[in-house]
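S.K.: Structure provided below as structure tokens; questions to follow.
The values are calculated or read from the model by the stated rules, or taken from the named source; none is laboratory data. Treat the numbers as computed from the prediction; the structure is a model and nothing was measured. Positions of Cβ are backbone-derived with ideal geometry, glycine not excepted, and every protein chain shown enters the neighbour counts. The area values use the complete protein model at the heavy-atom level, side chains included, leaving out ligands, DNA and RNA. Shrake-Rupley method; radii C 1.70, N 1.55, O 1.52, S 1.80 Å.
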Amino acid sequence: MDKFEKSFAGYTETFGVPDRIELMLCDLNGILRGKWLPGDQTGKFAKGDVRLPLSTYAPNILGEEVEETGLGIVAGDPDGHLVPVESSLAPVPWAKGNVAQMLVEMVEAGKDDNPLSPRGILKSVLDRFAAKDMFPVVASELEFYIFKPRANASDAPQPPARTPDAQNYDLEILDRQEDILTEIQAACAAQGLATDTLIAEYGPGQFEINFHHTADVLRAADTALLFRRLVRAVVARHGMEASFMAKPYAEFPGNGMHLHASLVNGAGENVFSAESGVGETLQNAVAGVLSTMADLQAIFAPHMNSYRRFQPNSFAPTAPDWALDHRGASVRIPATKGPGARLEHRISGADVNPYLAFAAILGGMLHGIETKPALPLSLDDPKATPSTPLGHDWLMAVERFAQADIAATIFGTEYRDIYATLRRDEISKIATRLTQVEYEVYLGRL
């Protein structure tokens, strides 16, 4: 009996045979795609009979094939067969009936992995750490907004009733949304998502969830991905909408995805820890993520809306800088001694693909440890000078990523090129559209 069969047997012992299993494949954009498998047909996995086109890993954000990637119908659109992700089978408490969900990967016949898999890319970075007897320990934080239901997809969001513009840590706000928030927590518990604290964030209707630190980095990325699906589904059951869009309101803070990361050796010792000051390995890791941040910005800010977080006064870090326990820095060092010594990467929007963002951050850390780039002065240092801000031009960020050696090192040249191609396609389809404000301001005046 293989691992999936054991997992499925355990599931059925507790819940019975599910009516269906929702098979979920994470694409390049962090969108879950897949199919429903009847609960009595799981034997198809062993035969390789559960399939999807290999191009499912890499559509554009609209779900369309992009011919320039070389994938899809231009290559005959061949199938891959789906492989269960271990320990990802879980109930879907918000669904009607006995419904399960499971993450899957997709491989070609005779192969064990797929270079198009975001999860596989993250695993390759972890393997590089393991070869050095280093093992990342991570915890993410995700922000999201809850808003009133909209009649049309093009309508702007509106906060829930009786919501102040600044609700930061307001316990009364949590009380008002208790039904939604407690169901989110219960659904997380049912699915084994290791959530920690939940707070009311600054923006109206904005909330943040923290996840527990874990050495299972792949599971941490799974959790961030699954949490987004869970929140949207639970909130919809209550007649509201939820979004992890990077900047849903121009005048209020955006949604971020922060990652806390430390490193332990084979003996379980935190190699970032130092008796005094910032240890050398931690310094190198910080220098690595700072020196690669601009090259990898297209991962941390994948979409047009993402770049609104990099505007002045956008309530988010906008330059590759660092400091000790300073939330205005893009890299914050909450602790330098003991098991909690770590860095906090604060650049990513909540709209990222978690696997790719984790891979970029950890890959930057590894780059710093291997190459030891110069570390700029901390923002805490009175001699520090401002760092060059990250750009807020989407196309420039994509083109820089497309030429970056570090992007090829972390993601592979093929994936780097496909990623850039899909982003260029997204730019051509979205950034070229005229906006409502252009008609309002210019059309009748010029």
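S.K.: Towards the positive end of the charge dipole of region 42-94, with charges on Cβ (+1 Lys, Arg; -1 Asp, Glu), say which of Val85, Leu52, Gly63 has the farthest Cα.
M.R.: It is Val85, whose Cα lies furthest towards the positive end.
S.K.: Provide the solvent-accessible area of His392, counting protein heavy atoms only and rolling a 1.4 Å probe, rounded to the nearest 10 Å².
M.R.: It works out to around 100 Å².
S.K.: Further, regarding this structure: Just to confirm my numbers, what's the Cα centroid distance between region 105-136 and region 275-341 in Å?
M.R.: 25 Å
S.K.: Related question: If you average the alpha carbon positions of region 146-166 and of region 44-75, how far apart do those two centres end up, in angstrom?
M.R.: Between the Cα centre of region 146-166 and that of region 44-75, the gap is 35 Å.
S.K.: Looking at Thr336, Leu434, Gly254, which one has the Cα that reaches farthest to the positive end of the dipole of the chain (charges on Cβ: Lys, Arg +1; Asp, Glu -1)?
M.R.: Result: Leu434, furthest along the dipole toward the positive end.
S.K.: What does DSSP give for the chain in terms of the percent of beta bridges that are antiparallel, rounded to the nearest 5?
M.R.: Beta bridges within the chain, antiparallel portion: roughly 85 percent.
S.K.: Summing -39500 (n - 2.57) over the DSSP H runs of n ≥ 4 in the chain and dividing by its residue number, what mean residue ellipticity at 222 nm do you reach, to the nearest 500 deg cm²/dmol?
M.R.: Theoretical 222 nm ellipticity from helices: -9500 deg cm²/dmol.
S.K.: In whole Å, largest first, what are the principal axis extents of the Cα atoms in region 226-354?
M.R.: That works out to 52, 32, 23 Å along the principal axes.
S.K.: Continuing with the same structure: Can you give the charge dipole size of the chain about its Cα centre, rounded to the nearest 20 debye, using +1 on the beta carbon of Lys and Arg and -1 on the beta carbon of Asp and Glu? It would help to have the intermediate numbers written out before the result.
M.R.: Values: 40 positive and 58 negative charges, 65 e Å.
The dipole of the chain has a size of about 320 debye.
S.K.: Taking only C-alpha pairs under 8 Å that are 6+ residues apart, what is the relative contact order of region 189-332 in percent?
M.R.: Relative contact order comes out at 14 percent.
S.K.: Then there is this: Determine the relative contact order of region 349-446: mean sequence separation of Cα pairs under 8 Å and six or more apart, normalised by residue count, in whole percent.
M.R.: This gives 19 percent for region 349-446.
S.K.: So what is the relative contact order for the chain, in percent, with contacts set as C-alpha pairs under 8 Å and at least six apart? Please list the in-between numbers first.
M.R.: Working: 850 pairs, mean separation 65.8, N = 446.
Relative contact order, the chain: 15 percent.
S.K.: A follow-up question, please. Can you pick out the pairs among Lys35/Lys247; Lys35/Lys111; Lys35/Lys148; Lys247/Lys383 whose Cα atoms lie more than 26 Å from each other? Spell out each step's value before the answer.
M.R.: Working: Lys35/Lys247 30 Å; Lys35/Lys111 22 Å; Lys35/Lys148 29 Å; Lys247/Lys383 33 Å.
Cα-Cα > 26 Å for Lys35/Lys247; Lys35/Lys148; Lys247/Lys383; rest within.
S.K.: Taking the Cα centre of region 300-372 as the origin, how large is its charge dipole in debye, to the nearest 20, when only Lys and Arg (+1) and Asp and Glu (-1) carry charge on their Cβ atoms?
M.R.: With only Lys, Arg, Asp and Glu charged at Cβ, the dipole is about 120 debye.
S.K.: Quote the charge dipole size of region 257-360 about the Cα centre in Debye, to the nearest 20; the model charges only the Cβ of Lys and Arg (+1) and of Asp and Glu (-1).
M.R.: I would put it at about 320 debye.
S.K.: Taking amide H atoms as placed 1.01 Å from N in the peptide plane, list the residues 5 or more away in sequence, or in a different chain, whose amide H sits under 5 Å from that of Val83.
M.R.: Result for Val83 returns Glu105, Met106, Val107.
S.K.: Now a separate question. Using θ = phi - 60° and the Karplus form 6.51 cos²θ - 1.76 cosθ + 1.60, what ³J(HN,Hα) does each residue of region 403-417 get, whole Hz, x for Gly and Pro?
M.R.: 9, 7, 5, 5, 5, 5, 5, 7, 9, x, 4, 4, 5, 4, 5
S.K.: Among Pro389, Asn114, Ser7, which residue has its Cα positioned farthest towards the positive end of the charge dipole of the chain, with +1 placed on the Cβ of Lys and Arg, -1 on the Cβ of Asp and Glu, and the dipole taken about the Cα centre?
M.R.: With unit charges placed on the Cβ atoms, the residue in question is Pro389.
S.K.: Rounded to a whole number of µm²/s, how large is the Stokes-Einstein D of the chain at 37 °C and 0.692 mPa s, given Rh as the Kirkwood radius over C-alpha pairs?
M.R.: Approximately 143 µm²/s, per Stokes-Einstein.
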